1. Quick one: length gained pulling A:Thr144 to A:Glu366 fully straight, 0.36 nm per residue minus the C-alpha distance?
2. Note the full-extension length gain between A:Arg188 and A:Leu69 as 0.36 nm times their separation in residues minus their Cα-Cα distance, in nm to one decimal.
3. In nm, give the distance between the simple-model label positions of A:Ser289 and A:Ala156, each being 7 Å from the Cα along the Cα-to-Cβ direction.
4. Rg and Dmax in Å for the range A:33-169, alpha carbons only: what are they?
5. So what's Rg/Rh here for the range A:250-332, counting alpha carbon atoms and using the Kirkwood radius for Rh?
6. Test of understanding: in a Gaussian network model of chain A with alpha carbons linked when under 10 Å, which of A:Thr50, A:Thr269, A:Thr207 would top the mean-square fluctuation ranking?
7. Please compute the Kirkwood hydrodynamic radius of the range B:1-45 from all pairs of different C-alpha atoms, in Å with one decimal.
8. Once both labels are modelled 7 Å past Cα along the beta-carbon direction, what's the A:Arg87-A:Asp170 spacing in nm?
Amino acid sequence: MNDLVDHLFRRQSGQIVSTLTRILGPRHLSLAEDVAQDALVKALQQWPHTGVPDNPGAWLIQVAKNRALDLLRREASFSAKALDIARAMERPESPAEEMDDQLAMMFLCCHPEIPREARVALTLKTVGGFSTGEIARAFLIQETAAAQRIVRAKRAIRDLDLTLELKSLDSVLETLYLMFNEGYSGDRDFAEEAIRLARLLAAQPATRAPHVHALLALFLLQSARGPGRMDAEGGLLLLSEQDRSLWNGAMIAEGLRQLDLSADGDRLTTYHLEAGIAAAHATATDFASTDWAYIAEQYDRLYEINASPVIALNRAVAIWHAEGAEAGLAAAEAIEHHPALQRYHLLPATLGSLWRELGDREKAAEYFRKALSCECSAAERRFLKRQVE
Amino acid sequence: MESYLLLIHESDRYANLSPEEMQAIFARYRSWGQKLRDAGRIINSNKLEDSTGRVLRGKNGAVQITDGPFTETKDVVGGYFLINAESYEEAVELSRDCPHIDFGAIEIRRIQKM
């Protein structure tokens, strides 16, 4: 018996929802989700007896299509379009069509009409095959709140066209960026899903563009360094403490190829700049030889496009390593009282590290304690506690 | 060796699982089945169709036929495994790590000998 591909159920759920939404229209999104779930349950109940079919993906989508037709035949309004739909259901999709269906679904979920804060959740739910519960846990919100977010988004979808509007591409990329960051700091599956979808975009002639390659490069160059971020006990390691031989060389190579492809056109996006920074880290043989001056310069340009205090903080860290702790401290203190950073743990954590290097242990401890009073992940909390001691 | 029938009572609780959870449970279900097959225990196994069935009853010399049995109760037998075991104790032992019991009942019945 052949083993099932990892995440087959989840991936196939996304495929079924995407394909059935194309055939039946966005109005029937909930029906598409229901029959995808039904098909998976049927597999779970049947395959232990009959074995896994030769093409489990095709089996699942066929079962879902049959179930959808069954349900639709009970609807009075169905008869007019019955033949067209039945015919569309009969034909199996080619792999290329399946990809197109997923892309179209992604664009639908990131449509400008959908509330911004609902786009990530909706994309994860419909294209990614994640459950509402899994999404809620990753976002640290109540399941009912996540469900509400998704229901509102679905309501907005009902009347939309499922045509791939390229003007939504930026909104799609923004959604993937948020999805990746959510995954990078928490649920790794979300980061993997963001990479998978970015790869889809970068491979399709209709959607590939320099900034798509830049986004994919950023994801790959960040993810490649994931395996070195934690020690054996799950504690966070500083960049300078990480074992770089654990970084994923193949992923770094793919990221650098994508970065090459992004160097085209006349638009310099934040994805280009962030990918450039990630590449500088990924290609440095050790912490000391990192090109911090180049990184600081990229943060300057990022800050010109997006004057966010978080970028200013990262810029201060780069200046610290490029020019020394005094220069870094000056840059960090310039934003110390920024209202948006008052509950942001990384600001006092950075100031603490700076003061420690400058030899003021008391001030350093004070800042680390301040960082601990802000909200952060369990791994970050353990890291900060280590600094206070 | 005696033969035992494991009746798998279906459950609607699978429907609340996420796709990823379902795949994990299927993987457990499959390795359970494989273990029994490798040990030569499974004589036969089948899934029964979900929404078809007939129930026949004699009434005043006539045969009354109804669709069923699923119309009356949600707790229907959805499939079965016919296995070899030394005793009820062993049949229970072989069944207890089947992941289905987290969702629905497994009923074990010994096949009557001559």
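The values are calculated or read from the model by the stated rules, or taken from the named source; none is laboratory data. Just so it is clear, the structure is predicted and the values come from calculations on it, not from any experiment. Here the Cβ positions follow ideal geometry from the backbone for every residue, glycine too, while neighbour counts run over all protein chains shown. In case anyone asks, the SASA skips ligands and DNA or RNA and just uses the protein heavy atoms, side chains included. Shrake-Rupley method; radii C 1.70, N 1.55, O 1.52, S 1.80 Å.
1. Between A:Thr144 and A:Glu366, full extension yields 76.0 nm more.
2. Numbers: separation 119, 0.36 × 119 = 42.84 nm, distance 3.61 nm.
39.2 nm is the gain from fully extending A:Arg188 to A:Leu69.
3. 4.8 nm
4. My reading of the Cα-based Rg and Dmax gives 16.7, 48 Å.
5. On the way: Rg = 13.4 Å, Rh = 13.4 Å.
Taking Rg over the Kirkwood Rh, I get 1.00.
6. It is A:Thr50.
7. Numbers: mean 1/r = 0.0802 Å⁻¹.
Final number for the Kirkwood radius of the range B:1-45 is 12.5 Å.
8. If labels sit at A:Arg87 and A:Asp170, their model points lie 4.1 nm apart.
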